[in-house]
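Asks: Got a structure for you, written out below as structure tokens; questions coming shortly.
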Amino acid sequence: MRIIRAEPRHAVGALAGCAVFGGMAEGRLEELARSMEWTVLDRGEVLMRTGDRGDDLYVVAGGRLNVAVVGADGTETIVREIGRGSTVGEVALLTGSPRTATVRAVRDTLVGRLTRASFERLMEEDPRSALQLTRVVAGWLLPGSPPRRNSAPATVAVVPAAGVEVRKFATRLGAAIPLRALDPEMVDQALGAGAARSPAGSPFERALADYFDSAEVEHPLILLLADPDTESLWTERVLRRADRVLVVAPGGARPDRQARILLNRIAETAPEVPKELVLVHRSARPPAGVTATWRDAGGFARQSHVVADAERDWQRLGRHLTGRATGLVLGGGGARGFAHIGVLRALDESGIEIDRIGGSSMGALVGGLWSTGLDPVDIVERNREIWHEIRPLKGFTLPFVALHGSRRSRTAMTGAFGGQRIEDQVREFFCTSTNLTRNRSMIHTSGPLSRYVLASMSIPGIVAPVIDRGELLVDGGVLDNLPVDPMSRTGAGTIYASDVSPPRTFSVGMHWEDAPGILDVVRHRLRQSAGTAFPSIVRILERTATLASDRAASAQRMRSDVRFIAPPVAQYDTLDMRHLDEIVEVGYRSALETISGWTEEQR
């Protein structure tokens, strides 16, 4: 940790970009910058630990920090990633409470520390500015306030693999979004011959740092184009500087020995930096299984597929890198989930581009079909094949594991998806399931589409669990019927959610005093005038399976950072699949009306 004696020249700009200092006069920002202690953290260095005394607020003026929470078993889970213009420690500053997270530098990072004494002096001299800080922090703590999301990366290292022309890649991406691409030749031209590939600690080091800092201030996104040579000092420098590493490879190539050496070097040089794979394809259908080999070799958190001559794919990648991607969440709800198809149609007709979809239960099926490239009309027909022809819920079986056999369900999902895998789809998709073995919700971003969509739809007791590596997976709606949080963690800038499971009532007529026996059931079937039917075992199992997630979904509906579409489909029975076209139309009309309301609000 190295302390800088004077404030850095970009300090005022960094403060001005912070929500907690928004609206503060420039003169006050300059005074605040001078009063702060400015420190450089080396890559991997810890800024604060869980349980530390909390008296200070930190401002990130350059670089990247990971925020991690510590579990009961001592393991750390990264929950947020913050960059230039972000703050950390605001709550501790106001309350004096201990730190609730461990924060460490992803790369060399410049932070400014505002002490409690400086803050109290600010309150005395400029109460309005202090009140602004207090209001912003209080807003974050209010019920229903959105979680603070990851900041978009400022500097991305682009590393070529398997013969990719990295400058050509940068040119194509630059045609889709504003950016500045830097390679060794450009850096040497600005700073002098040999600067880019100079060793760490050379006389060029300070000039390089100032050059990169200035570029980050002046441009929304910086691409540092690495050398193909794995031993290049420039490649090492850009890996240490990057907020994110993109490994770019041809779509049809598998990682060879040289590529694996490159991936190992990235892992050793930048272990804390998020790594993503970009596969550039000649055609719209990626070869099956290639993505999985790259993911396994490089430990990538996610991948993007770009068809070389498809402008929409480059724009989608650009939105992802700048934090402007649009995500759509499709909730569970059985037959009511057919409304999602109408929502997709309405969003498309309204010109709202969807970059990624996440779904649970029936939402997983509709989202999975969308990811394979189908349009709403094709998705309707595929559902007609599944529910009206194969009819996976048609027959009962001896209830050793579930009321319905699994053969028809497996046949339906195999017919819908064949051998396709989640990670091979150009359209990004995830689905959720509930792991009974581990008692946790699972987020599936890779693996067979048919297996994990089926798992996401397997209501416990009604459909047999899916066995996955010795563990039992059931309906995603058991724990997370509206997976907004997983979508938020993807870094999506705008999130839409189609919610087809409104609060439910589950009651019986007053004439029922005890649960019915077999004669009561027969009597009711013969005499419909016998009163309200007692819920069947299927309905009771379905309701029981979703109790926990109904409560979680209610909390999600309070979020102010998500745009919800709630088609009026409560009158349709969850397991009655006969009204496919009717429910799709309800979803379409409802979504058009909701979208129109958003348009009116913006005027």
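The values are calculated or read from the model by the stated rules, or taken from the named source; none is laboratory data. Just so it is clear, the structure is predicted and the values come from calculations on it, not from any experiment. With ideal geometry, Cβ positions are generated from the backbone for all residues, glycine too; neighbour counts draw on all protein chains shown. Accessible surface areas use protein heavy atoms only, side chains included; no ligands, DNA or RNA. Shrake-Rupley method; radii C 1.70, N 1.55, O 1.52, S 1.80 Å.
Asks: Need one number: convex hull volume per residue for segment 296-366, Cα atoms only, in Å³. Can you show the working numbers first?
Replies: Numbers: hull volume 8.6 nm³, N = 71.
Looking at segment 296-366, the number lands at 121 Å³ per residue.
Asks: How many nm is it between the label spots at Glu471 and Asp348, if each spot is 7 Å from the Cα in line with the beta carbon?
Replies: Distance between label points: 3.4 nm.
Asks: On to the next question. So how exposed is Glu31, as accessible area in Å² (1.4 Å probe, rounded to 10)?
Replies: Its heavy atoms expose roughly 80 Å² to the probe.
Asks: Dividing the Cα radius of gyration by the Kirkwood radius, what Rg/Rh value follows for segment 1-122? It would help to have the intermediate numbers written out before the result.
Replies: Working: Rg = 14.0 Å, Rh = 14.5 Å.
Using Cα coordinates only, the ratio equals 0.96.
Asks: If we sort 187-193, 408-414 on the protection proxy, mean other Cβ atoms within 10 Å, highest first, what's the order? Before the final figure, lay out each step's value.
Replies: On the way: 187-193: 15.0, 408-414: 19.4.
With the highest mean Cβ count within 10 Å placed first, the list reads 408-414, 187-193.
Asks: Taking Cα pairs under 8 Å and at least six residues apart, what relative contact order does segment 1-87 come out at, in percent? Please list the in-between numbers first.
Replies: On the way: 107 pairs, mean separation 28.3, N = 87.
Answer for segment 1-87 is 33 percent.
Asks: Here's a follow-up. Roughly what would the spin-label model give for Glu31 and Asp126, points 7 Å off Cα along C-beta, in nm?
Replies: Result: 0.7 nm between the two label points.
Asks: Using the Cα atoms as the points, what is the convex hull volume per residue of segment 207-335 in Å³? Present the calculation step by step, with values, prior to reporting the outcome.
Replies: Values: hull volume 20.2 nm³, N = 129.
Looking at segment 207-335, the number lands at 156 Å³ per residue.
Asks: Can you list which of the chymotrypsin sites (Phe, Trp or Tyr not before Pro) found in segment 399-478 are DSSP loop residues with at most 14 other C-beta atoms within 10 Å? Before the final figure, lay out each step's value.
Replies: Working: sites: Phe400, Phe417, Phe429, Phe430, Tyr452; in loops: Phe400.
Taking segment 399-478 and a limit of 14 other Cβ atoms within 10 Å, the loop chymotrypsin sites (Phe, Trp or Tyr not before Pro) found are Phe400.
Asks: Given 20 °C and 1.002 mPa s, compute D for segment 304-452 with the Stokes-Einstein relation, Rh being the Kirkwood radius over Cα pairs; round to the nearest whole µm²/s. Intermediate values should be presented prior to the final figure.
Replies: Details: Rh = 16.5 Å.
The estimated diffusion coefficient comes to 130 µm²/s.
Asks: Which value, in debye to the nearest 20, describes the size of the charge dipole of segment 242-365 about its Cα centre when Lys and Arg Cβ atoms bear +1, Asp and Glu Cβ atoms bear -1, and nothing else is charged?
Replies: Values: 17 positive and 13 negative charges, 49 e Å.
Here the size comes out at about 240 debye.
Asks: If I model a spin label as a point 7 Å beyond the Cα along the Cα-Cβ vector, how far apart are those points for Asp581 and Val69 in nm?
Replies: 4.8 nm
Asks: Stokes-Einstein at 10 °C, 1.306 mPa s, Kirkwood radius from Cα pairs: D for segment 179-258 in µm² s⁻¹?
Replies: Numbers: Rh = 13.7 Å.
Rounded, D is 116 µm²/s.
Asks: Please find the FRET efficiency linking Glu218 to Leu191, where r is the Cβ-Cβ separation and R0 is fixed at 22 Å, and quote it to the nearest 0.05. Please report the intermediate quantities before stating the final value.
Replies: Numbers: r = 16 Å, r/R0 = 0.73.
In this case the efficiency is close to 0.85.
Asks: Next question. Between Arg438 and Thr411, what FRET efficiency comes out of the Förster formula 1/(1 + (r/R0)^6) with R0 = 41 Å and r the beta carbon distance, rounded to 0.05? Walk me through the numbers before you get to the answer.
Replies: Details: r = 28 Å, r/R0 = 0.69.
With R0 = 41 Å, the Cβ-Cβ based efficiency is 0.90.
Asks: What percentage of all Cα-Cα pairs in segment 416-497 are separated by more than 19 Å?
Replies: Details: 1247 of 3321 pairs.
Summing the P(r) tail past 19 Å for segment 416-497 gives 38 percent.
Asks: If you don't mind, there's one more thing I want to ask. Please calculate the 1.4 Å probe accessible area of Val67, with all protein chains present, and give it to the nearest 10 Å².
Replies: Around 10 Å² of this residue is reachable by solvent.
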